[in-house]
Each structure stands twice: as structure tokens, then as C-alpha cells.
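Each value in this text was obtained by applying a stated rule to the coordinates, not by laboratory testing. Keep in mind it's a predicted model, so treat the numbers as computed, not measured. When we count neighbours, we look across all protein chains shown, and the Cβ atoms used for this are built from the backbone with ideal geometry, even at glycine.
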Amino acid sequence: MSDANENQNSDDFLLIWLDQTLDTQSNDLRDLEKIRDVVYSLRTYTDPTICLEDIKTWSDEKIFLIVSGTTGREFVPLIHDLAQIQAIYIFCLHKNQQTQWTSTFSKIKPDNIFNHVKSLIVRLKIDLFKCEYVSNMNFKVEKSIFDIHQKTTDFKWSRLLVHTLTKLIRDSKAQKEMIDHLRDYYKDNKASLDFLDDFSNNYNNEEAIRWYTRAGCLFRCLNRSFHLSEQINRLHIEQKETIGCNSYTIYRGTCLSYDDIAILKANQNKLISFNGFLSTSFEKATALLFSEPSSKDEQKEAVLFEFFVDVDLDTTSYAYIGLESAINDELELLFNINTIFRINQVKYDEVMKQWCVRCSLCPKSEVERLYLEVADDDNNENHRNLYQFGILLIQAGQISRAEKFYCKLLEESRGDFKAEFNCYVGLGALFFHSSDYSRALDMYKNALDFNIQPEVIYNDMANVYVQLNEYQVAFESYALALSLTDDENDTHLLATTLANIANIYHRQSFYQQAIEIYEKVCDLFVDAYGGFCQHPKQAGLYDLMGLAYRQYGTFNKALKYYRDSLTILKDTLPSEHPTLAQCYNNIGLVFYDRGDSDSAFEYFQMTLAIYESLGYRHSSLATVYSNLAVIFSVRHQYTLAMEYHERAISLCREFVSENHQDLAARFVDFGVTLTKQHEFDKALDLFNKARSIYENQDVDNFSIDHSRYATCYSNMADLYYEKDDFCQAFEFSTKALHIRQVCLRSDHPLIATNLHNLGSIRHRQGQYYRALGFYKRAQMLFEGVTPRNEKALASVYDNLASLHFDKSEYQLALEFYTKSLNIRKQILDEQHPSIARSEMQLGKVHAHLKNYKNASDYYNRALRYIDNLGEIYLNFGDLHSFKNEYTIAMDYYDKALTFYKEKYGNNHSHTAMTYSKIGNTFYLLDKNDKAMHNYTLALEIFDQIYSKDHKDIAVTLNNIANILVEADQFDVALGLYTRALEIYREHFTERHPEVLTSNQNIAHCFRAMATKCVEKQLWQDALEFCQQALKIYEDVLPSDSTERESILKTLKNDMNQLLELIKSNT
């Protein structure tokens, strides 16, 4: 009866009739034609063996079986337990004889035994309708009247889609294509092919309801038919005048899963919308027939909906269709697509053993906010409506579908200039959204040839030139658009063009000019639309303003505009739309800039969720992966950070070549994380890969002075800075600066940042005056621009304060740390860790100024919010050490040691540094053995985690050498001092304080050795040691210092005395 191909065009269910005496030609009680009118997927069998084989083959189908009593006795046991069998009906003249044997089979209900076709058809209509339609019912639920559930926006777009499609002129060619498609789909289903023949020959728009109510393969298509929607609208108007009552209640029976019932219960007094047309009945008894579960295994419960309809409400259209229906004995009321009801009550009826859901039609005032505004086209041009449908697809993120739609529409529109124009504009917008800028330009140029709305096309072309970084050409195109724009009558286009011009200023870092224009555009939108504009283009404008303020560190304003954008987008776009995802990503970046990595992570995750739900694989997704990797890196979750960096790189490689800039950017991001882990070789390898990509770019599109190249150099400088290779760091930071000075304006914030970084390098090298020069230049740039990048300026103040602190200029350090703290209090939350860190630095300055109470107050404030308690404990220890309260200091150092061991383990730099602090305290207490023990522990850790030339090793070597000098172990001490000096010379110039101090330690050692020789009356040896000390002191002590004069004078006197002693003993 069937072949293997039939499963390819099967339906939601299959009705099988098995009877060995079945004769389709006889006009008997079985009357197959009447059944085919109700059930279009009917297959008949006379051979039980063939029937059994086919049923077993259709394991994925839902099969309803009609079988005669005689055949059923033997056949039913063979198939009853198969999962595909949904229900079994017995059709036999001797109905009473079937009761006993059928009672043992659960899929044969007592009322599923028939001896008349009419009663069988009634039952089939109920069961098959439930299988095909009712069980697949979808709900969209609103959480509250004020806080609309995300799906509400999807509902709006559904309404907008319906509006757009109902405006289309009916096309016989489209109808023929649909029928041809269905013929191919149902090519092995004779009943469906006969139905399609009937439809093709006899359908007309005025009878859409009759075809909707006829069983047949068009049911799904007609359930979304916009002819049907129009007929309901027409009947609603006709019947409203003759309805004869003010209100009535209609019913709908169904079976719902426990989860769906739970949703209904949770949303009482809220809104619900049925997806598609809603069929109801005036007869409660008829509705109840549809509420019975098909079987006990269905895991569903009976639900009766009662809908109260106030006929005076003009919210939606509905109509009594009994007179129009193919089944004219039903009292059916049909509601139009996406009708909204309020759920008034959900209650379980213990007597009826079913749920009762009472709903009412909503007043228009409650639901009008749920409809996107649409502009009716008075000309009702079909090509214009089709164009709008394509734009709708683009805005909904359906790019590939939009492209197929426009290409087909263009092919069919040749010779119709307006239609061709709209297609080219639509294709231009499509290619622009998919970043195919050359094809977008081609499409817009084709559209321009028609000389229709050239001001719009010039604007669109300019947008493409902006993306290609051809700003001058873009300016010229925008100027042409403005010259052709009617300012008074086309405010929207004027505002759009001005916003686009502001975007060019923005991209060139002229932020003040950009923001001034943006604010004018906001005023134009208010004038055009009134109040808070709810247009997606306004959301785009807010995005640009948010970005401008973010790049200048004005995070509160940036966040405000991004949130304004989000409010519009959530109300006008589907809940899973790429533009909404990008807005979440932008908000995440602001939170990251503010130091709130937890909130940033939350928004990045929301971005990722949308992209993944859309199956969205694009370079934007790679960027989100990189952003998440950065957050994991901040949290020190380096395993996850590595995983997400690798995802970003892998995804990027799916869309771009190995020589693409985007891939280079991903390499740089990964390199930054590896730098934080001190995986310097791996990081450097990635940076060099990025450099290689940039160097091989087409010079017309990516010159050697491109900003991304500068970013790569800047991050390489950071790597060498972390390695304490300050010469290399200075070299790469200088390269980055030179590039930025070529491609950016002189007061660009990136140039200021670069100067700041160069100052940090010179600072670490001990070249304080050069560092001060770079810091001051950066300060001048950051203070001179409007709006100011407050975050960057605070960082400059911090480093200026640190510089003055290192020079023991504590009052100046206090001044700059205070400025930094005041800025952070303005732009950050009170509990932000950066504020606590500023307070801690101020505490350190006050401690050195011997303002011990102020220092303690700042430390205590920092203690409330900073997450690094170990650092606070160390600072408290230093404070008490300054006050000679060594026992209290030791308590704090012990607390710090416990904290660091628990958090980082034994082999960590913080643990080692704390051992050094404890060693210093024991040294001050003259407990050199304990001091030596702790210094040795610190050195062992440093040797394990650092390279041999690390500065912390040099510090520890000096500390150990100091103890050895006091123990008269001069040779060993001198060796350690010399090794420390060699380490410092690897990092610093000869005039760096650490190098100078290390030289002085060696000189002090020589003096101590001379003193010991004097005790042994080794005058000549003592003289030689004094001479070596004198040479070092003369080289390293500042020429204008009183200390130099005193030391040299004392040493020369000692040497003169030694000479006298030598003479007297010769």
C-alpha cells in the first residue's frame, strides 16, 4: 500500500482502516468518502500482514487504527503495545459482541466501538484534531502589566508580520507555487492530491473559512492564511450590528501538560495569547469533548477555557463562522491571529476532574502598548509592501532569508522601476548588515540610477564609506544627502544624516563635536515623535553616545545612554536579536571599565545566550568569547580564560583567513592574558603572530601606522615591562606612540595613555625627572580635553603621587593621591576596590609623614572594601614598625602570612614578601638568627618562582648580606652584595636608587672589613678596604648632599690615621 518515500511527506498523524472485506466501490455503511472529507491522511488495507509490516515501519508516526470486529480479535494483540499506536476504533454491525474482548485493551475506549459512520466521524474529528492542533498549542505569557516578559516583543513582531503580509496584493503565481510545492510534498498521498486539485480549481478568497474548516493538507497553511484573517475582519464588522447581546461566553476544550498548567496558574490576572487563529464553541458540551486526554499515558490533564467576550471592546476581530464553515452543524466562533486575553482565574474542578481557566477579552487601553507602530501605505503598492517585508526580515536578524527573498523579488520585478529600486535598496541594507560593503555599494549605486529618493541613497552610501574608513568621501555623500533633504517635512532623515556625520567625528576621536551633534539629533527626534522616542534608530543614537562617553571614561553617562538604548530595543525587537545582544555587550564593557567584573560577566553571558540561541556564528561571537576570557583572567580563572580565548580564535578562523586583522586582534587578546600569567614566551609568540599579520596587510587598507598595529606594540611593551626588561618596553612603547602620533590627532587619549606608559617605564628605571616629564605631558592632555577621561586622569595622578613618594616628597604625593581619590569617588561606587586602594595609598603617605592616626583611619576604611586583606595587614604592620611597636607589627605580619598561605599557597610572591617583612622586624629587634631564617625562606620561594635576575631576589640578597656583615662573614656578604648589584644593573641605569644603594652596601662592607682589620692591627689591609670604599662613595653619593661630605671626611680622616700607623710600624 505504501513505499519508503511516504514518510518524507507524512503528516502529524495517520489514520489506517483495516478490514478484510473492505470494498471501496460499494455504497455501504462504511462510506469512505465521508471519512475522507474529515480525514485526509486515510490509508486502507485488506491484508493484515501488509498492514502490520507498514505499521512497524512507521515508528515515528502517530497512528489511529479502525478495524473490524472479526479482524480485530486477532490483529489488535499484535499492535496494541506499539508506541506509534495512539487509539483503536472497532467498526462492526454487531457492536454489543465487541465489548467483552476489547475491555482488556487500554487503547480501545468503551465508546470507541461504532456501527454507524456518522458517530465514528464525530469521534475521529475530536481525537485527530487534538492530535494535530490542540496538543501543539503554544502560549506567550506576560509577567506583569508593567514589566513585560521578553516574549512580549516577539508577539509584537508577530503582529507586525501579520500587518505587513495582509497588505500584499494577492498573486496567482504565488498561489500556484504553493500548490506545486504541496503536490511535490504529498506526491504519494492520493487523497491530498485530490484535495489540492479541488483547491486549485475552486478556491476563492471569499471562502477562506470554508477551506479552513475542511480537513485536508492545507490546514496548516490556512491556519496562517491572511485571506482567512481578512474574512474574519469582514464578518466581524457585518455581525457586530446584528449580534443582539452585549456579551457572551464561549468555550474551548483541550489537554495540557502539567508544565503548561503551572504556567497558567502562575500568570493569573496577566495576559495570554494563542499562537494562530483561535477556534471556540458556543456549546460547552462540544468543547468538553476535546478536553479528554487521548490515553492515560499522555501525561496531560483536561482543561476547559471559558472566554468572556464584551462585544463593545474593539481590541480584535472575531466572527461566528457556522454559516461559512464546511461543517455547518457546529456553533464555532473564530478569533483572529494573536488575540490577547486576560487570565482571570485558574481553578481545578473536583467534580468534573478538570481545570477551568476563565479568561476575558482585554480593553484596547490594556494591550495597545503591545503593538509596534506601523505606517499604512496609502498607495498600497504591492512592491512597497514586499520591500517592507524584506526589511522586517533584516531587522529580525533573518539575513539569509532576506537575501533569498530580495533576489527572487528582483528577478520578478524587471521593468517595474519602483519595484527594482526598492529591491536594490533592500539588498544594499542586507549586504551592509552582513559587512559585505563592496556589494552594498554596488546595490546602492544601482538604486541611485533610478533617481528615486536620492537623499536617502546618498546617506546609505555614506554609511558604507564610513565602514571602509573613507571619511572624506562619506562627508561628501552626507553633504549631498543634506542638500536634498527637506528639513521641515523630513525631520527623521535630517536627524539620521546628522547622527551619521557625528559618528564620523566620533570615529576620528573628536568626541566633543560628536556629542554636540548627537544632542541636537536627540532634540530633533523629540520634535518629530514627541517625548521619549521609541524608535530603533534612536536606540542606535544612544549607543553611539554611550560609546563616546565610555571612551572618555564618563561611565555614568555612558551607562545611562546604553540603558536608554536597551529600553527601546527590548520594546521593539525580538528578545533574541543580534542588536539586543550587542547592547548587552556594550553595557558589559562599561561595567568592566568601572571595575565591576561581576556585572560585566553577567551582561557578556546575556550576549552569549542570545548568539547561541540564534545559532549565531560570527566574528561578533568571537569578540564575546574574548570579553569573557578577560573576565576569567581578572578572576584568576586562567583555565577558563584560556578555553575562551581558544574558542574565540577557533571561531574567528571559521570566517576569516590566517592573515586577517580580526584574527590578529584575537591573538593580541590572548597574549595579554598570558602576560598576566607570566607566560611570557607564549605571549610573545602570539604578539609576533599578530605583528606578522599586520605587516602583511594590503597597505591601501592597513598601513604600517594603523591603530591596531600600535595596540599590538603597546601590549608587547606591557609584556617587557612585566619582565622588568625596561629597555625593550620603552622601545615598543615608543613605536606605539610614533604610530599613534601619525594616525591620530595630537590630543587623542591614546597618545596621552602612551605618554603615561612611557613615564611608568622611566619611573621603574629610576629616571625620575624623565618620568615626571612624560607624566606631566599625559596629565596636560587628559586635563585639557572635554569631556575628560576621569579614570585615565586618576591613574596619572596615582603615578605622579607614586613618583613623589619614591623621591620622599610626601606632601606632593599626598596632593596627587587625594586628587585621584576624589575622582574615583565621583565616577565609582563607594564600595569599589579602586577607592579602597586609593585610601590605602594615602595611608602609606601619612605613615611616612608620621601622621599615624590619619594613616590608621585610611587603612581601616580600606579594610572594609578591599579584597586583598594581606596587603592591608602588611601596611598596618609597617605602620606599627614605624612607631617602633614591633610586637604589634609582628602580629599583623603573621596575619598577612596566614592570609597569603591560605589564598595562594606557600610558593607565591606574596608569601615570600611577607617572610621578608617578618625578617626585617626580627632584624630591627636584633634577632638575627630568626631574621636570617625568614630571609632564607623568602629567597627559596623567589628562586623557585622567578628568574635568577629578578629584583626581589636582589632585595633579599642584600638583607641576608647585612646580617652576614654583622656576623663578620665579610667574604660571603660581599659576594651577595655583588650579585645583588649585578641584578639591579640588568634592570636599571647606574643612577637608579637601587643601584646606588647596592653600591653603598658594598662600600659599607669594605668599611666594616677595614674596621675588623684595624682590630687585628692589619693597617695596610684596612687602608686598602678604606680606599675601595672611598672610590665607591665618591661615585655614588650625590655631590650636593651633606651625607656625602660627612662620609668622605670621616673616611679620609680614617685613612690618614692608617697611613700614620703604617709609617710608624715600618
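A few remarks follow.
- Cα→Cβ-extended label distance, 7 Å offset, between THR46 and GLU1015, nm: 12.8
- The residues packed around LEU803, meaning those with a beta-carbon under 13 Å from its beta-carbon, carry a net charge of +1 if Lys and Arg are +1 and Asp and Glu are -1.
- The phi-based Karplus calculation (6.51 cos²θ - 1.76 cosθ + 1.60; θ = phi - 60°) puts the 3J(HN,Hα) values of the stretch 408-424 at 5, 5, 5, 4, 8, 10, 4, x, 9, 4, 5, 5, 4, 4, 4, 5, 5 Hz, whole numbers, x for Gly and Pro.
- Cα gyration tensor category, rounded, prolate or oblate, for the stretch 985-1066 with a/c compared to 1.5: prolate
- Computed E for LYS560/GLU643 - FRET, C-beta separation, R0 25 angstrom, nearest 0.05: 0.15
- Given R0 = 25 Å, the distance between the Cβ atoms of GLU982 and GLU1034 translates into a calculated FRET efficiency of 0.75.
- Between the stretch 390-430 and the stretch 990-1030, the C-alpha centres lie 88 angstrom from each other.
- For the stretch 711-784, the Cβ-based charge dipole about the Cα centre amounts to some 220 debye (Lys, Arg positive; Asp, Glu negative; other atoms uncharged).
- Centre-to-centre separation between the Cα atoms of the stretch 569-610 and those of the stretch 640-668: 21 Å.
- Segment TYR471..THR567, full-extension length gain: 31.4 nm, with 0.36 nm per residue of separation and the alpha-carbon distance subtracted.
- Rough spin-label spacing in nm, given labels placed 7 Å along Cα→Cβ, for GLU74 and ASP314: 6.9
- HN-Hα J in Hz across the stretch 839-848 - Karplus 6.51, -1.76, 1.60, θ = phi - 60°, x for Gly and Pro: 5, 5, 5, 4, x, 4, 5, 4, 4, 6
- Potential extension, ASP926-ASN115 segment - 0.36 nm per residue separation minus Cα distance: 280.7 nm
- Cβ charges +1 (Lys, Arg) and -1 (Asp, Glu), total dipole of the stretch 634-761, debye: 240
- Cα centroid of the stretch 714-781 to Cα centroid of the stretch 918-984, whole Å: 33
- At full extension, ALA967 and ASN1056 could sit 29.3 nm farther apart than now, given 0.36 nm per residue minus the alpha carbon distance.
- Set of lysines near LYS570 by C-alpha distance (under 19 Å), chain-local residues within fewer than 8 positions excluded: LYS140, LYS143, LYS151, LYS156, LYS537, LYS560
- LEU812/GLU1045 FRET efficiency (R0 41 Å; Cβ-Cβ; nearest 0.05): 0.95
- Cross-link pairs LYS883/LYS930; LYS95/LYS284; LYS676/LYS895; LYS240/LYS300; LYS62/LYS240 - those with Cα-Cα distance over 32 Å: LYS240/LYS300; LYS62/LYS240
- In nm, spacing of pseudo-spin labels at ASN96 and ASN344 (7 Å Cα→C-beta vector): 4.8
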